[in-house]
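Quick notes on the structure that follows.
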Amino acid sequence: MEKTNESFLKPNTLFGGLIGASFIVASLLFVYAGKGIVANPQFNNITMMLTIFGIFIGVKKYRDDHLSGIISYGKALSTGIYILAIAALCNAVYTFILYSADAELLAMYKKVTLTILNEVYKNMNLQELLNNKLTEIFFSPIVIAVGEMFNRIFIGAAFTLFIAGLVKRKTPPINPQQF
């Protein structure tokens, strides 16, 4: 049983780390290109595609390399969510470091977020709602990082529900060498 647990953790943790690294590389490319990552639809679409592609490849690779080509829907779902959680954790650590190190980026995040909130809640006075202490907490790097982590997990889990159905397989694949 321990060998099975080890064969689950090692490849899936590695693959989750690779997906997390791809999020980081995409973010750095956008930052260095001067396009920004705060509320950028292009960046969000790229990370979404990396998430979908990464989970699909990761679960499929785990199924084929470690489970002899057979995986149930539940196992595929749990594998995808585990991979996603590792990727989201890597991204959250990076996000915390990024927003802690770059005060200008943190100020941009606060400005964009408040602009969006003001548009959504036009009839409310947000300054009354968000007093200084609450604003200080809400726009801290740790809260932003945790929010990013839960956002990636929530959005990715929705995709994983569908991907697990695509990857599940009840019978071993046909081997043409047998005939």
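When you look at Leu28, is it under 16 Å from the mean Cα position of the chain (by Cα), over 24 Å from Leu161 (Cβ atoms) and open to solvent by 50 Å² or more (accessible area, probe 1.4 Å), yes or no?
Yes.
Before we move on, is Tyr62 aromatic (Phe, Trp, Tyr), open to solvent by less than 40 Å² (accessible area, probe 1.4 Å) and either closer than 22 Å to Lys170 by Cβ or in contact with a Pro (Cβ under 7 Å, 6 or more places away or on another chain) (or both)?
Yes.
For the range 71-92, what are the residues that are within 24 Å of Thr135 (Cβ to Cβ) and either among the basic types (Lys, Arg) or open to solvent by 50 Å² or more (accessible area, probe 1.4 Å) (or both)?
Selection gives nothing.
For the range 31-41, enumerate the residues that are in contact with a Phe, Trp or Tyr (Cβ under 8 Å, 6 or more places away or on another chain) and either within 30 Å of Ser7 (Cα to Cα) or open to solvent by 60 Å² or more (accessible area, probe 1.4 Å) (or both).
Lys35
Which one is least open to solvent (accessible area, probe 1.4 Å) among residues in the range 134-149 that are small (Gly, Ala, Ser) and assigned to a helix (DSSP H, G or I)?
Of everything passing the filter in the range 134-149, Ala145 is least open to solvent (accessible area, probe 1.4 Å).
Could you list, in sequence order, the residues of the range 5-42 that are small (Gly, Ala, Ser) and within 11 Å of Cys90 (Cα to Cα)?
Listed by number, the residues that qualify are Gly16, Gly17, Gly20, Ala21, Ser22.
Scanning the range 55-88 for residues that are in contact with a Ser or Thr (Cβ under 7 Å, 6 or more places away or on another chain) and not β-branched (Val, Ile, Thr), which turns out modelled with the lowest pLDDT?
His66
The values are calculated or read from the model by the stated rules, or taken from the named source; none is laboratory data. Note that the coordinates shown come from a computational prediction; the quantities given were computed from them, not determined experimentally. Quick reminder, even Gly has a Cβ in these numbers, built from the backbone with ideal geometry, and neighbours come from all protein chains shown. The accessibility values were calculated without ligands, DNA or RNA, using every heavy atom of the protein model including side chains. Shrake-Rupley method; radii C 1.70, N 1.55, O 1.52, S 1.80 Å.
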